[in-house]
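Take a look at the structure set out below.
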Amino acid sequence: MALKRILALFVGLFAATSALAQDGATCRNGLFADEPPFALAEVIGEKRAYFHGDMNGCPWTRGACASPSYVVTGDTLVISKIRKGFACAFYPGKGGGTAGWVPTRQLKLLFVDSHPPVSAWLGTWTSGGNPEIAITQKFGQLHAKGHAFWPGKPETTDWPSVHVGEISGRINRAGQRGDYADENLCKVRFTLLRDYLIAGDNRQCGGANVSFSGVYRRK
């Protein structure tokens, strides 16, 4: 019975992500975290799994769609929409990570607890060093406190004016989902997938170009 429930969950996740993929083929850094639902997948097979672009009919047209970036057997990817044999995937790494279309034949969906314990949320999470969000527990509720900078932290850029964003308040948690909102009209949607935290905001959480959207890992 347990195996049947897990398989049913996998089918449901794939069906949900497929439904999202009916509009457009965009899959790239900066936009990936704005398109839930999300799942985890492991790279399988003996060959490299290359990321494919989303311009000029790619990844479904014949031609030079594959980028130089690739992942290998055993790597874990965060995936969102699935369309015509490809999954929109993100691999966290230095410099913000890599996003693109990856063939589904080279992926195996991983089981993720849909009701993780509160302890799984706690800690300091970062998306390539900027933004950073600390999640703590206060009076039985999750609390988020974070900062985001554009184009980067003041000590890392020569930009004449650095824009800043801040969140501080309660996360309303429901299973692996969490929602943050404050009086400044900032809204952030969180999804917890094992050791990955995906955040997508409404672009009203700070100064110009500031965003908390991204794929986070514990610092």
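The values are calculated or read from the model by the stated rules, or taken from the named source; none is laboratory data. Owing to the predicted nature of the structure, the values given are computational and were not obtained by experimental measurement. Cβ placement follows ideal geometry from the backbone for every residue including glycine, while neighbour counts extend to all protein chains displayed.
For R170, the requirement of being more than 22 Å from P151 (Cα to Cα), basic (K, R) and over 13 Å from the mean Cα position of the chain (by Cα) is met. Based on what the data block shows, is A19 crowded, with 18+ Cβ neighbours inside 10 Å and either modelled with pLDDT of 95 or more or not hydroxyl-bearing (S, T, Y) (or both)? It is false that A19 is crowded, with 18+ Cβ neighbours inside 10 Å and either modelled with pLDDT of 95 or more or not hydroxyl-bearing (S, T, Y) (or both). Of the residues R217, R170, the single one that is under 19 Å from S80 (Cα atoms), assigned to a strand (DSSP E or B), of a type in the set (K, R) and in contact (Cβ under 8 Å) with a residue 24 or more places away in the chain is R217.
Taking the criterion of being more than 16 Å from the chain's Cα centre (by Cα) and outside any loop (DSSP other than H, G, I, E, B), the only residue of the range 188-214 that qualifies is G206. Contact map, the range 131-157: residues that are at pLDDT 90 or above paired with residues that are assigned to a loop (DSSP other than H, G, I, E, B) and charged (D, E, K, R), Cβ distance under 7 Å, separation 6+ or inter-chain. Pairs shown: E132/K219.
Annotation: of all residues in the range 36-93 being part of a loop (DSSP other than H, G, I, E, B) and acidic (D, E), the one that is nearest to K219 (Cα to Cα) is D75. Pull up the range 94-124, narrow it to residues that are in contact with a strand residue (DSSP E or B) (Cβ under 9 Å, 6 or more places away or on another chain) and free of Cβ contacts under 8 Å to residues at least 40 places away in the same chain, then point me to the one that is farthest from A174 (Cα to Cα). If we take residues in the range 94-124 being in contact with a strand residue (DSSP E or B) (Cβ under 9 Å, 6 or more places away or on another chain) and free of Cβ contacts under 8 Å to residues at least 40 places away in the same chain, then T104 is farthest from A174 (Cα to Cα).
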